[in-house]
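Just below is one structure, and these are the notes that go with it.
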Amino acid sequence: MQQDVAAIIVAAGRGMRAGAGLPKQWREIAGAPVVAHTLRVFHGAGIKRLVLVIHPDDRALARQVTRNEVTIVDGGETRTDSVRKALETLAENPPKNVLIHDAARPLVSSRLIADVLAALETTPAAAPALAVVDALWQGRDKHVAHSVSRAGLFRAQTPQGFDFAAILKAHRVYQGEAADDVEIARALGLEVAITEGCEDNLKLTYPADFKRAAKILAERQSGTMDIRIGNGYDVHRFGPGEGCWLCGVLVPHERALMGHSDADVGMHALTDAIYGALAEGDIGRHFPPSDPQWKGAASHIFLRHACELARARGFHVANCDVTLVCERPKIGPHAAAMQAALADIMGCPPERISVKATTSERLGFTGREEGIAALATACLIANGKETS
Ligand code: MG
């Protein structure tokens, strides 16, 4: 889709204000150099042709973060020179459009890139920016000389996008050093559309910027959700009695399940699946069988506890699935009632709870009707912080 677009990533600066002895774009953040994060966003946005402009001293660093399809170009004395050299490299096989981006803005997003490219369909130049919201002052000797109107003022960001032929021409005729490529485009009289910038798309400059960017990257890498999966398995033997408690429903049968509690094998498996997802052991850890107070206890106490523990950690049950393994009693006629009973105990919608059954073809202890086995899976989700 982005066949005829190239991107120039400008990483030739020597900015040391961020500390740590390396130019800022080569410092590590969230486990990788800043440049690597920046390149990843452009790869992810489907930009196939990438030119990375570097300082000649950084060639070894550049090779560590680039794949074969990235062209590495030595920069010039100034940012303007560096961009011009990259444009000349592309001119050998010119793309239709080019994006020019500062490597020190690793928090650029696919959305920002897409907005600039969309604008280029109707204009020769486009760039993201944010309207100035703070009051502005002209200062003199650490005092306010006078206020300045912020009306119509924007903070410029990158990537700045251009019709390739137009920006190449603008760079070839431009004299001196410009703050950015929009300035060079404007010098040639190009119309530049403003697209919506993003506060996260900050230019890493000071140590505090790295801290903020690392936090945002960590959130992006973990996504906005924390997803946990657990499984549970339980078996109870048949003994004398009438009816079996299964998933909160007393199912008529000529025998009962034996156990320390009410022996609800399905609910035990499900409870263990939730504890498992939380890495919180199993029912036995929270309700020791050695403790007489749990003798004959209704299993909903255990399931309710597991769900409360999940909620206390910020999780909710996204869904769960219980399979009962037995020849008899037949589960099908009771499955809907079991689903409703579990939903009531767990405090979640019934459509997120599945109860089903299978026989074991008369094989093994379940086939011989010596007992019932149950398996369960539970998926828990915690919603993370919103990333803006
Ligand atoms: Mg059990």
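Each value in this text was obtained by applying a stated rule to the coordinates, not by laboratory testing. Given the structure is predicted, the values throughout are model-derived calculations rather than measurements. For neighbour counting, all protein chains shown are included, and Cβ atoms are generated from backbone atoms with ideal geometry for every residue, glycine included.
Values for this structure:
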quantity	calculated
Hz values of 3J(HN,Hα) by residue in the range 100-105 - Karplus curve (6.51, -1.76, 1.60), Gly and Pro given as x	10, 9, 7, 4, 6, 10
The range 325-332 - phi-based ³J(HN,Hα) in whole Hz, Karplus 6.51/-1.76/1.60, Gly and Pro as x	10, 6, 7, 8, x, 6, 8, x
Electrostatic dipole magnitude of the chain [Cβ: Lys, Arg +1; Asp, Glu -1; Cα centre; debye, to 20]	780
Selection from CYS379, ILE353, ALA337 lying farthest towards where the dipole of the range 227-387 points positive, charges on Cβ	CYS379
Only Lys, Arg (+1) and Asp, Glu (-1) charged, at Cβ; the range 227-387 dipole about Cα centre in debye	200
Average Cα contact separation per residue, the range 5-222, under 8 Å, 6 or more apart, as relative contact order %	24
Amide H contacts of VAL251 (H built 1.01 Å from N, under 5 Å, at least 5 apart or other chain)	CYS244, TRP245, LEU246
Amide H contacts under 5 Å for ILE29, placed H, 5+ residues apart	VAL34
Sites GLU196 and GLN138 - FRET efficiency at Förster radius 25 Å, r taken between beta-carbons, to 0.05	0.35
Top positive-direction residue, dipole computed over the range 5-222 with Cβ charges, set LEU22, ALA126, VAL144	LEU22
Overall form of the range 5-222 per C-alpha gyration tensor (a/c, 1.5; a/b vs b/c)	rounded
Placed amide H near ALA7: partners under 5 Å, 5+ positions off or other chain	ARG49, LEU50, VAL51, LEU99
Inter-label distance for ASN231 and LEU309, nm, one decimal - labels placed 7 Å from Cα along Cα-to-Cβ	2.0
Residue (of PRO240, SER299, ALA32) at the positive-pole extreme of the chain, dipole from beta-carbon charges	ALA32
Relative intensity, log₁₀ I(q)/I(0), of the range 157-279 from a Debye sum that treats every alpha carbon as a point, q = 0.11, 0.12, 0.22 Å⁻¹	-0.65, -0.70, -1.15
Shape of the range 302-343, Cα gyration tensor, a/c cut at 1.5	prolate
